[in-house]
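Below you'll find the structure, written out as structure tokens, and then a few comments.
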Amino acid sequence: MSGLTQELPPLVDVLVAHAGRGAERHRALWAFDARLAHVARTTSEPAIGQMRLAWWNDVIDDAAVRKGRGEPVVDALRATGAMAAPGLVAMIDGWEILVVEPEIDVDGLRAYAAGRGGGLFRALADVADAPDWLEAAGQVWALWDMAGHVGDAALADAALALAREIAPQMDGARWPRGWKPLRILATLARQDVLAGRRAPLGMPRSLAWRLLRIALVGR
């Protein structure tokens, strides 16, 4: 599954390194998110984008485990057991917002964040009935990440504003030891959101130091 690393950002490699025995499962789920992002980024016709996303729904629903065989992300999801993770369909629904909506309003941002962010965090934590603060953490991360990758400054600002509104719902979070990668990512995203900073591109040295501090001391 090392080939999946080529399409994942350096931040994900850091997070996966903290996942212990679940590292390959985490890597497969992040690769799935990257595939959905690629669909959203490269689709100019909404109907075609919906068909491409529907293919992933069919893969998830395929009890015969045949559809998509040979596709690296599909194979990785199946090999690690991540294909059965809660939240995968929600992730697809979240990314679909970006595919079909020509202009994304606050309601669209909420749906995107709940689907992509809440879905991914549930999948990584492997809990179908996630606590509200974990869902909120996933939403804050998704909006922070969007703000750092969209070219529309107004949309980026709206995403950060909504993330700041949601961030207090993370108060009182108690992170199990096995959720350390999620704690690191959620803490990083929340710090930036409250400071009005978008997700950075790549891995600047300042980000690497912040990740190390959060991993060691929790903030």
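Bear in mind these aren't lab numbers, they're just calculated from the coordinates by the rules spelled out. From a predicted model like this one, the values you see are computed outputs, not experimental measurements. Neighbour counts run over all protein chains shown; Cβ positions are idealised from the backbone, glycine included.
Residues of the range 174-202 being farther than 16 Å from L124 by Cα, within 17 Å of the chain's Cα centre (by Cα) and either of a type in the set (K, R) or outside any helix (DSSP H, G or I) (or both), which ones?
If the condition is that a residue be farther than 16 Å from L124 by Cα, within 17 Å of the chain's Cα centre (by Cα) and either of a type in the set (K, R) or outside any helix (DSSP H, G or I) (or both), then R190, R198, A199, P200, L201, G202 are the ones that fit.
Out of the residues in the range 17-33 that are in contact (Cβ under 8 Å) with a residue 40 or more places away in the chain and farther than 26 Å from G68 by Cα, which is farthest from the chain's Cα centre (by Cα)?
Only one residue fits best here, namely G20.
Among the listed residues A84, A63, A47, A40, identify the single one that is surrounded by fewer than 13 Cβ atoms within 10 Å (Cβ to Cβ), under 26 Å from D152 (Cβ atoms) and of a type in the set (A, V, I, L, M, F, W, C).
A47
Is it true that A158 is in a helix (DSSP H, G or I) and either acidic (D, E) or touching a residue at least 12 places away in the same chain (Cβ under 8 Å) (or both)?
Answer is yes for this residue.
Within the range 162-207, track down each residue that is loosely packed, with under 14 Cβ neighbours inside 10 Å, touching a helix residue (DSSP H, G or I) at 6+ places or on another chain (Cβ under 7 Å) and farther than 14 Å from L11 by Cα.
Once the filter is applied, which keeps residues that are loosely packed, with under 14 Cβ neighbours inside 10 Å, touching a helix residue (DSSP H, G or I) at 6+ places or on another chain (Cβ under 7 Å) and farther than 14 Å from L11 by Cα, the range 162-207 yields G172, G196.
Collect the residues in the range 33-60 that are among the charged types (D, E, K, R) and assigned to a helix (DSSP H, G or I), keeping them in residue-number order.
Scanning the range 33-60 gives D33, R35, R41, R52, D58.
So that you can scan it fast, the table gives a plain yes or no per residue for (1) under 18 Å from G108 (Cβ atoms); (2) in contact (Cβ under 8 Å) with a residue 60 or more places away in the chain; (3) of a type in the set (V, I, T); (4) assigned to a helix (DSSP H, G or I):
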residue	(1), (2), (3), (4)
L124	no, yes, no, yes
D129	no, no, no, no
A137	no, no, no, yes
V140	yes, no, yes, yes
M146	yes, no, no, yes
L162	yes, no, no, yes
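Give the range 61-87 a look and list any residue that's over 15 Å from H26 (Cα atoms) and not in a loop (DSSP other than H, G, I, E, B), or say none.
Selection gives D61 alone.
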